[in-house]
Amino acid sequence: AESAARLDHPHIVPIYESGQIDGRLYFSMKYIEGTTLAKRLAEGPMKARDAARTLKVVAEAMAEAHRRGVLHRDLKPANI
């Protein structure tokens with residue numbers, strides 16, 4: 001969480017705080033209104049142009065994270 005909090009990219013949700021309370025780790029992130037890619041895909045296939053645009057945004061955000069030494073280990077439609 002601390003590494004991810006140092007990322008500054010328009011398509012990476014910022015992490016505001018992380019810590020531990022009563023032995024439990026936590027982190028807080030900016031609230032983003034909308035839906036997930038998983039929910040969108042449950043509605044049916046995306047148009048090719050929309051799918052390509054989404055993939056481009058995700059790939060650029062992940063490339064920035066990788067350049068900064070951060071690896072997202074749970075990348076899936078429910079997290080996009």
Inset, instruction - Looking only at segment 55-72, count how many residues are open to solvent by less than 50 Å² (accessible area, probe 1.4 Å) and over 12 Å from His9 (Cα atoms). - result: 1
Legend entry - Ala51, sole failed condition from (1) in a helix (DSSP H, G or I); (2) open to solvent by 50 Å² or more (accessible area, probe 1.4 Å): (2)
Legend entry - Residues located in segment 31-48, provided they are surrounded by 13 or more Cβ atoms within 10 Å (Cβ to Cβ) and outside any helix (DSSP H, G or I): Thr36, Met46
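The values are calculated or read from the model by the stated rules, or taken from the named source; none is laboratory data. Predicted, not measured: the structure shown is a model, and the values here were computed from it. Note that each Cβ is placed from the backbone with ideal geometry, even for glycine, and that neighbours are counted across all protein chains shown. For accessibility, only protein heavy atoms count, side chains too; no ligands or nucleic acids. Shrake-Rupley method; radii C 1.70, N 1.55, O 1.52, S 1.80 Å.
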